[in-house]
Structures are given as C-alpha cells and as structure tokens.
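Read through the structure below, which is laid out as structure tokens, and then see the notes.
The numbers here are math on the coordinates, done by the rules we state, and not lab data. Just so we're clear, the structure is a prediction, and the values are computed from it rather than from any experiment. Positions of Cβ are backbone-derived with ideal geometry, glycine not excepted, and every protein chain shown enters the neighbour counts.
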C-alpha cells in the first residue's frame, strides 16, 4: 500500500505546484492501494481552499484514495510519536502516517516532506518513502 501525505495530494491537484509533474508521474505508475488519514485530508483541503479544496474530497468519493486510519483507537501511539519528535516538530498528520506505517510494515509513504527521513517507525526502523529526488 502507498500512504499519501499532504504534499503529493496538493501537488497533484495544483498544476502550479513545483511538484505537480512528479506527483502526477509517480501516481500514474502506482498499482498498490492509496490510503491516507483524515488529518491529511484536512490539511490538503485547507491548503487548496482557494484552488479546489473540494477536489480533495472528490479523490475519496471516486475511490482514488481511501481513509485507512482511525485515530480513535490510536491516541496514545500518535501522541507518543508527537512527543518523541516535538523538536522537529511533528504534525498530527505526520504522526498518523508514521503510525500507519507501523501498522502496515510493507507500506511506503509518498511524501515531499524531508522530515520522513528523520522519523522512525517502531522506534528505530527507517520508513520506506517515495520522494522526489534531490536532483529534480
């Protein structure tokens, strides 16, 4: 599964975004299910409020991406992550995505956020990511 962060969603839906081509090209090749969390949907909708925040909701309605995380049962784990990375600082969305990667070890996080190179799942494990190359 591919866990989507806010950046790729925003880039995909905003042709003026510097990461638009990268997000579009990567997502064309993905065959795994695309999942995210409600915190990412909220962030992306807010960031795209002037350019079609409604488009984020349409991604879910059309089955392009699904919500695969229930914060209700993960409060403690998410709060623990946010405390561990308070110096970064870690957003609620980032903590949810890291937790999703802990719950689904084969998952890769598609992100444009370099903080995912710092975050660790299960304490010490690097998180598999799909990110733009530094040379792009």
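For the chain, find the longest principal axis of its Cα atoms and tell me its angle to the long axis of helix 92-103, 0 to 90°, nearest 10. Approximately 70 degrees, to the nearest ten.
DSSP assigns beta bridges within region 2-130; of those with both partners inside it, close to 20 percent run antiparallel.
Which whole-number percent gives the relative contact order of the chain, counting Cα pairs below 8 Å spaced six or more residues apart? Relative contact order for the chain comes out at 27 percent. Axis angle, to the nearest 10 degrees, between helix 38-47 and the longest C-alpha principal axis of the chain: 40 degrees.
So if we plug the beta-carbon distance of residue 58 and residue 103 into 1/(1 + (r/R0)^6) with R0 = 25 Å, what FRET efficiency do we get, rounded to 0.05?
Working from the Cβ atoms, E equals 0.40.
What's the Kirkwood radius of region 83-122 in Å, using all Cα pairs?
For region 83-122, inverting the mean 1/r across all distinct Cα pairs yields 10.4 Å.
Solvent-free Debye calculation, one equal scatterer per alpha-carbon of region 1-73: log10 I(q)/I(0) at 0.17, 0.23 Å⁻¹ equals -0.59, -1.07. Taking one quarter of the surface of the convex hull spanned by the alpha-carbon atoms of region 13-54 gives a direction-averaged projected area of 3.4 nm².
In angstrom, the C-alpha Rg and Dmax of the chain are 14.2, 40. The length gained by stretching the chain between residue 77 and residue 115 to full extension, at 0.36 nm per residue less their Cα-Cα distance, is 11.8 nm.
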